[in-house]
1. Do the conditions hold for His90, that is, is it under 30 Å from Ala159 (Cβ atoms) and in contact (Cβ under 8 Å) with a residue 24 or more places away in the chain?
2. Restricting attention to the range 180-211, which residues are more than 19 Å from Val45 (Cβ to Cβ) and aliphatic (A, V, I, L, M)?
3. Considering only the range 168-201, how many residues are crowded, with 23+ Cβ neighbours inside 10 Å and not polar (S, T, N, Q)?
4. Say whether the condition of being in contact with a His (Cβ under 8 Å, 6 or more places away or on another chain) and over 20 Å from Arg43 (Cα atoms) is met by at least one residue in the range 100-112.
5. What number of residues in the range 1-21 are assigned to a helix (DSSP H, G or I) and either surrounded by fewer than 18 Cβ atoms within 10 Å (Cβ to Cβ) or touching a Phe, Trp or Tyr at 6+ places or on another chain (Cβ under 9 Å) (or both)?
6. I want to confirm something. Restricting to the range 139-160 and keeping residues that are free of Cβ contacts under 8 Å to residues at least 40 places away in the same chain and within 20 Å of Gly16 (Cβ to Cβ), which single residue is surrounded by the most Cβ atoms within 10 Å (Cβ to Cβ)?
7. Among the candidates Arg48, Arg59, Arg31, Arg24, single out the residue that is surrounded by fewer than 18 Cβ atoms within 10 Å (Cβ to Cβ) and closer than 22 Å to Gly95 by Cα.
Amino acid sequence: MHEQRHHRLAILREAGLYLVTDERQPPRERRRVVEAALQAGVRVVQLRDKHALGGPLLREAQELVALCEAYDALLIVNDRVDVAVAAGAHGVHVGQDDLPYGVVRQLVPPEMLVGVSASTVPEAVEIDRAGADYIGFGAMFPTATKPDAEYAGPAMLAAVLAAVRCPVVAIGGITHENLPEVLAAGARVVAVVSAVSTAPDPAEAARSLLDAVRGTAQR
């Protein structure tokens with residue numbers, strides 16, 4: 001594996017918390033949340049906005065890449081392989097209906113991480129065999145940010161963790177309250193949107209989630 005990609009993967013494996021931006025917020029607010037989370041110790045941020053046009057999304061991605069690099073953190077772009085490459089992002093994340101992993105890997109530079117979403121055990125196994133850097137698995141719980149997401153749940157997450165070798169990021173409706181269920185299933189990295197983006201104090205919310213995940217990892 002490319003050395004730089006290997007280093008990025010190591011950051012992701014140990015990240016604990018994976019922050020996904022909230023597309024319900026304007027870019028300025030998203031940047032405020034990202035900066036607060038980075039200050040709290042978050043090392044992986046995904047820029048997700050399914051409705052943004054290419055130009056504005058590219059400018060936002062470039063800003064967030066620079067911001068993340070100042071904290072030795074990773075910026076991953078959701079769906080938009082073109083924007084990820086143009087912005088010099090550290091990774092790209094694609095869903096089951098986006099370009100297949102093999103095609104994405106050919107389009108991006110060798111140092112770029114490629115993550116793929118899955119909501120069933122067979123999907124996760126297929127992604128792992130294809131060679132993806134990590135799997136985004138969910139939804140753990142029903143979530144307002146993705147109302148159409150297939151509900152997989154913590155029990156299925158445990159089955160995925162037993163079946164694949166690559167890192168798995170649990171996502172979907174994860175909050176402070178239900179986080180223990182996800183950690184009990186074996187999650188080492190959890191992705192959140194609302195739990196940080198809509199919190200009165202995003203830095204404090206991120207710090208407390210990070211502490212909870214890391215506390216489990218150290219036991």
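1. When the stated conditions are applied, His90 passes them.
2. Scanning the range 180-211 gives Val182, Leu183, Ala184, Ala185.
3. Here the count works out to 14.
4. yes
5. Count: 9.
6. The selected residue is Leu157.
7. Step by step, each of Arg48, Arg59, Arg31, Arg24 is checked, and only Arg24 is surrounded by fewer than 18 Cβ atoms within 10 Å (Cβ to Cβ) and closer than 22 Å to Gly95 by Cα.
Quick grid of which residues meet (1) touching a Phe, Trp or Tyr at 6+ places or on another chain (Cβ under 9 Å); (2) under 29 Å from Met112 (Cβ atoms):
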residue: Gly136; (1), (2): yes, yes
residue: Pro142; (1), (2): yes, no
residue: Gly153; (1), (2): yes, no
residue: Ala158; (1), (2): no, no
residue: Thr175; (1), (2): yes, no
residue: Pro180; (1), (2): no, no
residue: Val190; (1), (2): yes, yes
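The values are calculated or read from the model by the stated rules, or taken from the named source; none is laboratory data. Note that the structure is predicted; figures quoted are calculated from it, not measured. Note: ideal-geometry Cβ built from the backbone for every residue, glycine included; neighbour counts use all protein chains shown.
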